[in-house]
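Worksheet: one structure, shown below.
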Amino acid sequence: AVCILFLFLLFIIGCVDGSHIPCLPPSDGYRDFINRKGWPSYVLQGVCDDKYCFWSVSCKVPGSAHDANALRQSSLFNNAQSFPKFREQCRSR
């Protein structure tokens, strides 16, 4: 297999991704932990910037939760108003 690593992606300021971490769920609420592949998990979500530094890592929603729910319940989402705002730079020709 050939892998190509892109060191710089123009106009990218960050990345959000998630993964499922296997777990032993409690007997009460077991079905909440069953992910779309049929096994129990927690959703792990990570957010990094264009310099590969993590801004947020969250692992608190059960496997059946949608990615949008994981983001909505993260500290990143709850503190989004305090992040710096990026303004589009325009050049006149």
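Considering only segment 15-29, state which residues are open to solvent by 80 Å² or more (accessible area, probe 1.4 Å) and within 21 Å of K51 (Cα to Cα).
Here is the first cut: in segment 15-29, the ones open to solvent by 80 Å² or more (accessible area, probe 1.4 Å) are 16-17, 22, 24, 27-28.
Those that are open to solvent by 80 Å² or more (accessible area, probe 1.4 Å) and within 21 Å of K51 (Cα to Cα): V16, D17.
Note down all Cβ pairs under 7 Å where the first residue falls in segment 67-93 and is modelled with pLDDT of 80 or more, the second is open to solvent by 90 Å² or more (accessible area, probe 1.4 Å), and they're at least six residues apart or on different chains.
So the pair list comes out as L71/F77; Q73/K60; L76/W55.
Which is surrounded by 13 or more Cβ atoms within 10 Å (Cβ to Cβ) and touching a Cys at 6+ places or on another chain (Cβ under 7 Å), of S56, S41? Reasoning before the result, please.
On the way: S56 fails: touching a Cys at 6+ places or on another chain (Cβ under 7 Å).
Answer to the check: S41.
Can you list the strands (runs of 3 or more DSSP E) lying wholly within segment 11-69 that have 2 or more residues being out of contact with any strand residue (DSSP E or B) (no Cβ under 6 Å at 6 or more places or on another chain)?
Values: elements: 14-22, 41-49, 54-62.
Passing ranges, in order: 54-62.
Just the residues that are surrounded by 10 or more Cβ atoms within 10 Å (Cβ to Cβ) and modelled with pLDDT of 85 or more, please, taken from segment 44-53. It would help to see each step written out before you state the result.
Going through segment 44-53, the residues surrounded by 10 or more Cβ atoms within 10 Å (Cβ to Cβ) turn out to be 44-50.
Residues satisfying the conditions are L44, Q45, G46, V47, C48.
Tally time: how many residues in segment 50-78 are under 19 Å from N35 (Cα atoms) and among the β-branched types (V, I, T)?
So the count comes out to 1.
The values are calculated or read from the model by the stated rules, or taken from the named source; none is laboratory data. Please read these numbers as outputs of a predicted model, since none were measured by experiment. Glycine also receives a Cβ, built like all others from the backbone with ideal geometry; neighbour counts cover every protein chain displayed. Ligands, DNA and RNA are stripped out before the accessible areas are found, and what is left, the full protein with its side chains, is counted by its heavy atoms. Shrake-Rupley method; radii C 1.70, N 1.55, O 1.52, S 1.80 Å.
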